[in-house]
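Comments concern the structure below.
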């Protein structure tokens, strides 16, 4: 079914549940995995908004790029020991992360894009660019969004409300 899976990584905390699931999927299907990390940089050396960084030596973007390279290499080693066919890609671009993921998937002829779902509140997603929204709208490849299964939202159970209309209609007196 799936021969080539693109795994779009977004951050160490969000990636753990995603990688565990994708590892199982690749082992069952024999698919080749490509781990992709995109770093958006500011064009012209500055003025970026949201997740855009400068990439000059010593800048926060440069450090972020080096951390991403180290992180990807560690993941490739770890997943490679599990017997998976795996490769890595680090893309540094002035385009948005979502656009780069979609473009990389199309250029590489991937069968599936897998990525962690962004669980931030809507207002943070609007103002700080949510890459999964871009991928969802623009991808021509099936996309699998995974949430963090360790995260628990309390569910309150309440007694059903009595509906007076149904009580009258359902009564034996009519």
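The values are calculated or read from the model by the stated rules, or taken from the named source; none is laboratory data. These figures come from a predicted structure and were not determined experimentally. For neighbour counting, all protein chains shown are included, and Cβ atoms are generated from backbone atoms with ideal geometry for every residue, glycine included.
With the checklist (1) modelled with pLDDT of 70 or more; (2) under 19 Å from the mean Cα position of the chain (by Cα); (3) surrounded by fewer than 18 Cβ atoms within 10 Å (Cβ to Cβ) in hand, flag the one item residue 38 doesn't pass.
(3)
Based on this model, can you work out whether residue 57 counts as over 22 Å from the mean Cα position of the chain (by Cα) and modelled with pLDDT of 65 or more? I'd like the intermediate steps shown before the answer.
On the way: over 22 Å from the mean Cα position of the chain (by Cα): yes; modelled with pLDDT of 65 or more: yes.
Taking the combined requirement at face value, the residue satisfies it.
Being touching a helix residue (DSSP H, G or I) at 6+ places or on another chain (Cβ under 8 Å), part of a helix (DSSP H, G or I) and closer than 19 Å to residue 74 by Cβ narrows it down to one of 16, 23, so name that one.
From the options 16, 23, the qualifying one is 23.
From (1) surrounded by fewer than 18 Cβ atoms within 10 Å (Cβ to Cβ); (2) on the phi < 0 side of the Ramachandran plot; (3) modelled with pLDDT of 70 or more, pick out the condition that doesn't hold for residue 9.
It is condition (1) that residue 9 fails.
Collect the residues in the range 67-88 that are surrounded by 15 or more Cβ atoms within 10 Å (Cβ to Cβ) and in contact with a helix residue (DSSP H, G or I) (Cβ under 8 Å, 6 or more places away or on another chain), keeping them in residue-number order.
If the condition is that a residue be surrounded by 15 or more Cβ atoms within 10 Å (Cβ to Cβ) and in contact with a helix residue (DSSP H, G or I) (Cβ under 8 Å, 6 or more places away or on another chain), then 71, 75, 79, 84, 86, 88 are the ones that fit.
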